[in-house]
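Values in this text are rule-based calculations from the coordinates and carry no lab data. The structure displayed is predicted, hence computed values, not measured ones. Virtual Cβ from ideal backbone geometry, glycine too; neighbours counted across all protein chains shown.
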Amino acid sequence: MNDLVGLKVGGVPEHFNLPWKLAIEDGKFREVGLRLHWEDMGGGTGQMIRGLEQKSLDVAVLLTEGITKAILQGLDAKIIQVYVTSPLRWGIHVPYKSDIKKVADLKDGTYAISRSGSGSQLMAYVLADQQGWPTDNLKFNVIGDVYGGLWALENNEAQAFLWEKYTTHPYTEQKKCRYIDEVVTPWPCFCIAVRTDIYEKHFDKLKEMCEVVNQKAEEMKTMENIIDVISWRYNLRSSHVQSWLEETDWNYKGIEYPLAFEKTVRYLKKLGLITEEESTDFREKLF
């Protein structure tokens, strides 16, 4: 098995990526000649973009809006597939003991974000746009990961923290923060991206990698005990896992979603997060 192609893959330590973990544990990637080293990325999309830049990662499973923005602004990478086709539901979290009751109360607040360019930052722009607030008034506090976000809320270093709502639910039960609403991405939430040099060198193997994880996701969706497995692995209530599974779909057939990226680019441009020049020929740059 010395001829296996080794790849370093990064993704958030969340339930969305269980198909990768199961496929690795079941030896499915080895069957197609791949040796994957998975690394949990608690810092989210911003951390993975740095990993691709610094070549500490070959492949990343990251947010559609984050990787689109990064590539259009010069990251030397390609998107090889939409991974999760359903949108991401970002919980809007506030300090537990604060007087903040509704989204309107956050208009001039500071948002805790994991990193510059991360989903937690980009979705703050989406939220502001949806609420009709001027996006150039947004203020941010970079906190690294979910634990930094909770700390920022508890210590009044931020008034809001956006993170996937099921992941953060245990912390709301522990009264470390309070959930007041959600903001939903206007596009499929996760993509698989790869450094351009790896893309050019191992294109066929990368396609096989995607096929393996897509198939595992499809199997997982109907596994008899999957709710118990996810609940145990990710410390989530069974009722929440069931709701999440009903809301979530992966790209089982490896379908292309060009219109999703058109929408993403249009939104990033509207929010002033990319320029007109950066958005030119975006399909050629992204894929």
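Using amide H atoms built 1.01 Å from N in the peptide plane, name the residues 5+ places from Ile274, or on other chains, whose amide H lies under 5 Å from its own.
Lys269
Nearest 0.05, what FRET efficiency do Ala104 and Phe287 give at R0 = 30 Å with Cβ-Cβ as r? Don't jump to the answer; show the numbers that get you there.
Numbers: r = 39 Å, r/R0 = 1.31.
With R0 = 30 Å, the Cβ-Cβ based efficiency is 0.15.
Could you tell me, in Å, what Rg and Dmax come out for the Cα atoms of the chain?
Using the Cα atoms of the chain, the pair Rg, Dmax is 18.6, 60 Å.
What percent of all Cα-Cα pairs in region 45-190 falls into each 10 Å bin, going from 0 up to the bin containing the maximum distance?
Whole-percent P(r) values from 0 Å outward: 12, 42, 34, 12, 1.
Within 14 Å, Cβ to Cβ, of Ile143, how many net charges do the neighbouring residues add up to if Lys/Arg are +1 and Asp/Glu are -1? Kindly include the intermediate steps, with their values, before the conclusion.
On the way: positive: Arg115, Lys139, Lys176; negative: Asp145, Glu154, Glu157.
Around Ile143, the charge tally is 0.
Taking +1 at the Cβ of each Lys and Arg and -1 at the Cβ of each Asp and Glu, which of Ile274, Gly6, Asn156 sits farthest along the dipole of the chain towards its positive end, judged by Cα position relative to the Cα centre?
Positive-end residue among those listed: Asn156.
How much of the DSSP beta bridge set in the chain is antiparallel, as a percent to the nearest 5? Write down the numbers at each step before the final one.
Working: 22 of 38 bridges.
Taking every DSSP beta bridge within the chain, about 60 percent pair in antiparallel fashion.
Would you mind working out the magnitude of the charge dipole of the chain relative to its Cα centre, with +1 at each Lys and Arg C-beta and -1 at each Asp and Glu C-beta, to the nearest 20 Debye? Don't skip to the end; give the middle numbers.
Values: 35 positive and 42 negative charges, 87 e Å.
Charge dipole of the chain: 420 debye, to the nearest 20.
Taking the Cα centre of region 31-79 as the origin and placing charges on Cβ (Lys, Arg +1; Asp, Glu -1), which of Met41, Gln73, Leu63 is farthest toward the positive end of the dipole?
Gln73
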